[in-house]
Structure formats: structure tokens, C-alpha cells
Amino acid sequence: MLSQSSMAGQRTTEPAITRRKRARPGTRTQALVVVAAIAGALLPGPAEPRGLIRNDDATQTTFAPATHGRPPVRGQAMATAPGNAAASPRIRSLRAVVRATLPHDPQAFTQGLEFRGATLYESTGLVGRSSLRAGPPGKRPTRQVELPAPLFGEGITFSGAKLWQLTWRNGIAIERDATTLEERRRVSFPGEGWGLCHQRIAGRERLVMSDGTDRLTFRDSNTFTATGGINVRKDDAPATRLNELECAPDGSIYANVYGTDTILRINPHTGAVTAHIDASGLLTAAESRLAGQLNGIAAVPGTDFFLITGKLWPLMFQVAYLPR
């Protein structure tokens, strides 16, 4: 197992993040209570007591049933800094409000997170430790495959019976069987791979890929060939360091900004940022000491909630994006 100090050179030199928690009235009490249906509570099904849940907003919350290592550049101001969110009235200022929590493997260097039905899929990174996992959320994976060195796992998404998995600087996208996770083939692409999601626009399918810049590249969902793209703008400036992506049912693309506690909601037609989401303060100070950056966004099927986590985080959070 690699230590934090041995991760240098693998995009892993980032120190553990500590955050100054923001006091929000009525949120984040210290009590932890037993939650029902940790595995099935994200989606419809019978519940059974498992795991832990936090008591937010001074009321006991549970998962709603389905009803519907790149460190920030030193000294460089982020175009997506929280202080810029109020500069334009066109951009909504939201915050991630915790509704429930699930356990998460604190050894998982999370790079991609996505649901298919009741199964949560997670891609992890680091050379020699990269993997693809699948199973009930909050439980041990029922399926897992490893990526051999020197591959560094990144974002994932589905397209029919295929699962695509990016690598970081290896220039390879891996096509896998969505059920068995077995590798089918490898496709080359130029540059770096960060985040990946699948989107249906006007009856057509495409993949959306990030590379750490303000550019989102569109790719054919069968061949992985680039078919176009958009540049993402926030307050008339490039929104850079776009990382993990989620193409949500509401038609928007959600992207976390690497090295920050920010998630952006993006118009897929124009590239304009339509909402700035503050996801700070999810971990306690003690939890943050060994944790890395926020990374991992998955829309919970049949709900308006999202499941988010981060690199080496001990927890995942079901959140709602609400006005600040």
C-alpha cells in the first residue's frame, strides 16, 4: 500500500485538505444515528438497519426513496472561486445540503462515481492502486477489477452495454463490459483524461470528457472519436480545472473544480455556468486530516439528490443543491 509520501510524481503530492467549517444554522449536529436501508435507501426496496447517518437540519434524515494528485496552482487565482459566484446574476449560488451519509473506503482514491440502477460504480486512481468497483452503495463492492501499472484510473461512464473508463496521462480509454467489468478493448486519445459522462441530446447520444482545462470534449459513444466540444465560461472568464463530470437527468453537466470545494452546473449547449455550488464543510476537521480533494459526483436515480465524495474520504454524502 502506498503511503501519502510515496505518491509524489503521480498527481498525489497534494496534502490532506483541512477546511474552516462554515456555521450554518440548524445544520450538521454532532449526533449520529443508525439509518435504515443503507444499501437500498438510495433506491426503492425494503430497508434494513445498516451504517451511520448524520442528523442534519435538526431532524433525522434518511435516504429518500426513489420518487422521481492535481494540486491547485500556487499563487493562481481560480476563476471559479466562491467569491466570484455573486458577480453575475445569471449564475445561481447554491450549497450542498447533506441529507444523509454512507460509509466510503478511506483507501479509495476516487476519480469517478456513477450509478446504474441500484449499483454504484467507482473508479479509483494511483499507479498500482487503480481499480474499478461495483456494488451496493455504502457496502463492500461485489465486483472489482484492477488496472495494471502504469495505468492511472480516472472518470467512468456507461453507454448501453459498454462502460468506458479513462486513464489520466496514459492516453488510453478502456471499453469494458458493463456487467462483468471485463476489458474489451483500448482506444487511444490525445492529452489527459479527467472526467467522463454520457449524455442524450435531441435524441442522440454522446460522451462528454474533461481534461483539466476549461474545455469539454464531445466523443462518439461507440468509437470514442472526438466530435466537437465547448469551452466553459463563468463570469465571462474560462472555468478551468474541470474534473469529475456528471451528465444529470435535468440536462445539465455537473463538474467539480479540482482542488476546491466547488461544483459547477454547466449548460451543455453554450458552456455557460448556470450555478455555483458550495460543497465545503462536508467533513469534520478530524476527517479532513487524512482526506484529499472533493471528487466524485453521481446523480441518484429517480430523485433530485446527488451522491458526492472525495479522494480518501471516509464518507459519501447524499446532498440536495439548495439556494444559499
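The values are calculated or read from the model by the stated rules, or taken from the named source; none is laboratory data. Here the structure is a predicted model, which means the values were calculated and not measured. Cβ atoms come from the backbone with ideal geometry, glycine included; neighbour counts cover every protein chain shown. Keep in mind that these areas ignore ligands, DNA and RNA; they rest on the heavy atoms of the full protein, side chains included. Shrake-Rupley method; radii C 1.70, N 1.55, O 1.52, S 1.80 Å.
Observations on the structure shown:
- Only one of P106, P137 that is crowded, with 20+ Cβ neighbours inside 10 Å, in contact with a Phe, Trp or Tyr (Cβ under 9 Å, 6 or more places away or on another chain) and in a loop (DSSP other than H, G, I, E, B): P137
- Annotation: G191 fulfils all but one of (1) farther than 23 Å from F109 by Cβ; (2) open to solvent by 50 Å² or more (accessible area, probe 1.4 Å); the unmet one is (1).
- All of D250, D211 fail the test of being under 23 Å from F305 (Cα atoms) and acidic (D, E), apart from D250.
- Yes/no for F317 being open to solvent by less than 10 Å² (accessible area, probe 1.4 Å) and within 17 Å of L120 (Cβ to Cβ): yes
- Output for region 140-171, where each listed residue is closer than 20 Å to F317 by Cβ and open to solvent by 10 Å² or more (accessible area, probe 1.4 Å): R140, P141
Residues checked against (1) under 18 Å from P323 (Cα atoms); (2) modelled with pLDDT of 95 or more; (3) not acidic (D, E):
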position: D220; (1), (2), (3): no, yes, no
position: A226; (1), (2), (3): no, yes, yes
position: D236; (1), (2), (3): no, no, no
position: N243; (1), (2), (3): no, yes, yes
position: D250; (1), (2), (3): yes, no, no
position: D261; (1), (2), (3): yes, yes, no
position: I266; (1), (2), (3): yes, yes, yes
position: G271; (1), (2), (3): no, yes, yes
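- Residue count for region 209-229, restricted to those that are hydrophobic (A, V, I, L, M, F, W, C) and in contact with an Asp or Glu (Cβ under 9 Å, 6 or more places away or on another chain): 2.
- Residue list for region 212-266, filter: of a type in the set (A, V, I, L, M), open to solvent by 10 Å² or more (accessible area, probe 1.4 Å) and either more than 22 Å from A173 (Cα to Cα) or within 14 Å of the chain's Cα centre (by Cα) (or both): A237, A248
- Among the residues examined, R200 qualifies as assigned to a strand (DSSP E or B), modelled with pLDDT under 95 and open to solvent by 20 Å² or more (accessible area, probe 1.4 Å).
- Residues that are within 17 Å of P249 (Cβ to Cβ), touching a Gly at 6+ places or on another chain (Cβ under 8 Å) and assigned to a loop (DSSP other than H, G, I, E, B), drawn from region 109-130: A118
- Residues of region 212-233 classified as closer than 24 Å to F115 by Cα, in contact with a Leu (Cβ under 8 Å, 6 or more places away or on another chain) and not in a strand (DSSP E or B), total: 4
- Per the conditions (1) at pLDDT below 95; (2) hydrophobic (A, V, I, L, M, F, W, C); (3) surrounded by 21 or more Cβ atoms within 10 Å (Cβ to Cβ), the sole criterion not satisfied by L283 is (1).
- Qualifying residues in region 113-134 (those that are under 23 Å from T303 (Cβ atoms) and touching an Asp or Glu at 6+ places or on another chain (Cβ under 6 Å)) - the one surrounded by the fewest Cβ atoms within 10 Å (Cβ to Cβ): R133
- Scan of region 286-303 for residues that are under 26 Å from F218 (Cβ atoms), open to solvent by 10 Å² or more (accessible area, probe 1.4 Å) and part of a loop (DSSP other than H, G, I, E, B), ordered by number: P301
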